[in-house]
Amino acid sequence: MEVLVTLAQVDPVPWARAQMAFTLACHIILVPLGVSWAFMTLVANYRALRHDDADALMLAQRWSKYMAVTFAVGAVTGTVLSFEFGLLWPRFMGQWGEVFGVPFAFEGIFFFTEAIFVSIYIFGWRRLKPWAHFWTGVPIVVAGLFGAASVVAANAWMNTPSGFTLNAAGDVVSVDPLAVIFNDAMPLQAAHMLVAAYMVGGFMVASVYAAAMLRGRRDRYHYLGFVIPFTLAAIVTPVQMGVGDSLARWVYSEQPTKFAAIELVPKTSSDVPETLLGKLNDSGTVSGGIPIPGLASWLSDPSTGRSTVVQGLDAVPANQRPTTRQVNIVHLAWDVMVGLGTLLFLLSAWYAASWLFRRRMPQSKPFLLVAAASGVLAVVAMEAGWVVAEVGRQPWIVYGRMRVEDAATANQGVWATFIVVCLLYLTGAVTLVRVLRGMSRRFRRAGGFVEHDAPYGPSSPLDRTEEKEPVP
């Protein structure tokens, strides 16, 4: 009885935040695949048609099946997130729903477009002419990009709310959809996420083939399976570093409190060091870590260098900035994101140098070991980036307009839904992995594709004459 009374008195806000964070962290793993895998599949498909490449054709066929499965699971996890806005944050939706919902309306249109063309592309392998089938895949790529940008626009609006008019009671009375979508944070934040999707998706797919090559599968099929996604990831990695640098400077100018948390700056000053690791103490001092003198100031504005003034956490009242614990989380996440991003950049440079000087990809075991880990490393870097973005905005859910505790549900049973959601997502994750592994085993046993296009792949080998055809 005492346990029930205690549970009935649980503060729902931390549980609502934990559930939203958990479901977003799970869903975001599938987003890069949903955005970038179609593009990689089309690259393989194009090569197959242009060069009569049977290995590239097989790769495109198999990738399209995997892509369909991850797209379906991503659709489910994304739908859960949509429901959670109403269930966990009813006061937020009650106040801002008609504004916040604008980007999601467009996302819904792009999502359905993507779903339609995924279906056409999958079932068109043996039903459409080669190039007609190829072009049905292009809308998947375009819809994926615009759908992801629409969702990021909603999140960016939470950082720079605009495009609405309030009456004297604080209620929204008019909405400008274009101003909502194209808010000040949207361009850089959307670019950062979209480039990240191609970078992370490329490393995720390539890492599977790198692991296979370490097991001795060095045939041309696995070579193409590695080279196509890894080349994509290697190309966009330096682009992502440039976009990230621009976004960080935007945060310095527009969200100085978040920037102070990122750089561990307790007091406003110039000549601020870039502190690697380290932590903020409750007393407002920084301990531990490796300070690089003046670097944070210089990076914030190279035109003024080390004399650049960085606003500290002390510039705003304590109830309008992240807590000490949140500051340390943001700073650590920033270090993880930048550190892993730098490692992936160096790996990409290694790959590029090998092509430049040896005209082939690196074949050494150390390279393949790091490449096999690159998918996980890229996902961790992406997750860390979202931690910086969301925890760094605390205590605001809508920057400067609504605090998190004022937006959350008052339902004290949220802890129960959190446990249920965790169990459901764990079950879904195990099922997804088993399905993908089962598909892989079926494909290897069959050695090709049969006439039907069932999502689980073939059950018998393709005969050799059919395998040599330029189109399935």
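Any chance you could tell me what percent of the C-alpha pair distances in the chain go past 28 Å? Everything past 28 Å amounts to 57 percent. Projecting the alpha carbon convex hull of segment 1-133 along each direction and taking the average yields 11.1 nm².
As an equivalent ellipsoid, segment 57-141 spans semi-axes of 35, 14, 7 angstrom, where each value is the square root of five times an eigenvalue of the C-alpha gyration tensor, largest first. For segment 270-321 versus segment 90-147, the inter-centroid distance based on Cα atoms is 42 Å. Look at the alpha carbon pairs under 8 Å that are at least 6 residues apart: their mean separation over the length of the chain gives a relative contact order of 20 percent.
Maximal additional length on extending the Ser270-Ser364 stretch stands at 29.2 nm, based on 0.36 nm per residue less the C-alpha distance. In the complete set of protein chains, residue-level accessible area for Ser307 is approximately 80 Å², probe 1.4 angstrom. Of the trypsin sites (Lys or Arg not before Pro) found in segment 250-287, the ones in coil according to DSSP and having at most 15 other Cβ atoms within 10 Å of their Cβ are Lys267. When the label point is put 7 Å from the Cα of Val380 along its Cα-to-beta-carbon vector, which residues of segment 267-299 have a backbone N closer than 17 Å? Within reach of a label on Val380: 277-278. Sparsely packed loop sites in segment 271-346 (the chymotrypsin sites (Phe, Trp or Tyr not before Pro) outside DSSP H, G, I, E and B with at most 11 other Cβ atoms within 10 Å) do not occur.
Within the accessible surface of the chain, defined with a 1.4 Å probe on protein heavy atoms only, the carbon and sulfur portion equals 66 percent.
Note on Lys267: lysines with a C-alpha under 29 Å away, same-chain residues under 8 apart excluded, are Lys258, Lys279. Remark: relative contact order (segment 14-74) = 38 percent; criterion is Cα-Cα distance under 8 angstrom and separation of 6 or more residues.
For segment 256-392, averaging the sequence separation of C-alpha pairs within contact (under 8 Å, six or more residues apart) and dividing by the residue count gives a relative contact order of 26 percent. Straight-line reach from Lys129: which lysines have Cα under 20 Å away, leaving out those fewer than 8 places along the same chain? Answer for Lys129, where 20 Å is the Cα cut-off: Lys65, Lys468, listed by chain and number. In the full protein context, segment 235-308 carries 48 Å² of accessible surface per residue, based on a 1.4 Å probe and ignoring ligands, DNA and RNA.
Quarter the surface of the alpha carbon convex hull of segment 256-392 and you get the mean projected area, 9.9 square nanometres.
Sites listed here are trypsin sites (Lys or Arg not before Pro) in segment 308-400 whose DSSP assignment is loop and whose Cβ has at most 13 other Cβ atoms within 10 Å: Arg359, Arg360.
Helices meeting the span-like rule in the chain (full DSSP H runs, Cα extent of at least 18 Å along the helix axis, mean Kyte-Doolittle score of 0.0 or higher): 12-51, 54-88, 90-123, 138-159, 186-214, 220-254, 324-358, 365-391, 414-446. Accessible area per residue for segment 26-92, computed on protein heavy atoms with a 1.4 Å probe, is 35 Å². Calculated FRET efficiency, Gln412 to Ala105, Cβ-Cβ distance, R0 = 30 Å: about 0.40 to the nearest 0.05.
Taking only alpha carbon atoms, segment 48-97 gives an Rg to Rh ratio of 1.43, where Rh is the Kirkwood radius. In the chain, helical runs assigned H by DSSP with n ≥ 4 each contribute -39500 (n - 2.57); averaged across all residues and rounded to the nearest 500, the mean residue ellipticity at 222 nm is -24500 deg cm²/dmol. Subtracting the Cα-Cα distance of Thr165 and Val316 from 0.36 nm times their residue separation leaves 51.7 nm of extension gain.
For segment 355-417, the equivalent ellipsoid derived from the Cα gyration tensor has semi-axes of 45, 16, 7 Å, listed largest first.
Between Val420 and Val138, the contour length at 0.36 nm per residue exceeds the alpha carbon distance by 97.7 nm.
Placing a label point 7 Å from the Cα of Leu343 along the Cα-to-Cβ line, the residues of segment 365-396 whose backbone N sits under 15 Å from it are 366-385. The alpha-carbon positions of segment 73-114 define a convex hull whose volume is 54 Å³ per residue.
The values are calculated or read from the model by the stated rules, or taken from the named source; none is laboratory data. Everything quoted here is computed from the prediction, not taken from an experiment. With ideal geometry, Cβ positions are generated from the backbone for all residues, glycine too; neighbour counts draw on all protein chains shown. For the accessible areas, the whole protein counts, side chains as well, though only heavy atoms, and no ligand, DNA or RNA atoms are used. Shrake-Rupley method; radii C 1.70, N 1.55, O 1.52, S 1.80 Å.
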